[in-house]
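Asker: This structure is in structure tokens; I'll ask about it shortly.
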Amino acid sequence: MKVGILTYRQAEIFKYHTLGYSQEEISKLLDISQPRVSAALKEAKKKIENARETLKFLEDLNYLNEMKSKGFKGDLILR
């Protein structure tokens with residue numbers, strides 16, 4: 001099962017991490033090793049950062065489209 005771009009497990013671990021649980025506490029709650037918690041957090045953070053970068057790119061494209069619709073062309077939009 002997926003939660004957006006994260007696996008269910010990554011989302012679950014990230015949720016607990018965001019709530020302030022330590023990796024050790026998360027590992028006990030979910031009955032998995034602390035290294036697995038650490039790896040899942042690292043991967044989740046990487047995926048979330050990539051998603052943020054993608055959203056920023058889409059915002060930039062929307063801005064360019066808006067400028068184009070207002071009659072701006074070429075390099076004038078990029079300034």
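Asker: Any idea how many residues of segment 1-21 are basic (K, R) and farther than 15 Å from S38 by Cα? Before you say what the answer is, go through the steps one by one.
Answerer: Going residue by residue through segment 1-21, those that are basic (K, R) are 2, 9, 15.
Now restrict to residues that are farther than 15 Å from S38 by Cα: 2.
Summing the residues that are basic (K, R) and farther than 15 Å from S38 by Cα in segment 1-21 gives 1.
Asker: Can you tell me which residue within segment 1-24, out of those that are exposed (fewer than 15 other Cβ atoms within 10 Å of the Cβ) and part of a helix (DSSP H, G or I), is farthest from the chain's Cα centre (by Cα)?
Answerer: Of segment 1-24, the ones exposed (fewer than 15 other Cβ atoms within 10 Å of the Cβ) are 1-5, 8, 15, 18-20, 22, 24.
Checking which are part of a helix (DSSP H, G or I) leaves us with 8, 15, 18, 24.
On the way: Y8: 14, K15: 13, T18: 13, E24: 23 Å.
Result: E24.
Asker: Before we move on, is Y8 among the hydroxyl-bearing types (S, T, Y) and in contact with a helix residue (DSSP H, G or I) (Cβ under 8 Å, 6 or more places away or on another chain)? It would help to see each step written out before you state the result.
Answerer: On the way: among the hydroxyl-bearing types (S, T, Y): yes; in contact with a helix residue (DSSP H, G or I) (Cβ under 8 Å, 6 or more places away or on another chain): no.
So Y8 does not fit the description; no.
Each reported figure results from applying straightforward, stated rules to the coordinates on display, with no laboratory input. Just so it is clear, the structure is predicted and the values come from calculations on it, not from any experiment. Neighbour counts run over all protein chains shown; Cβ positions are idealised from the backbone, glycine included.
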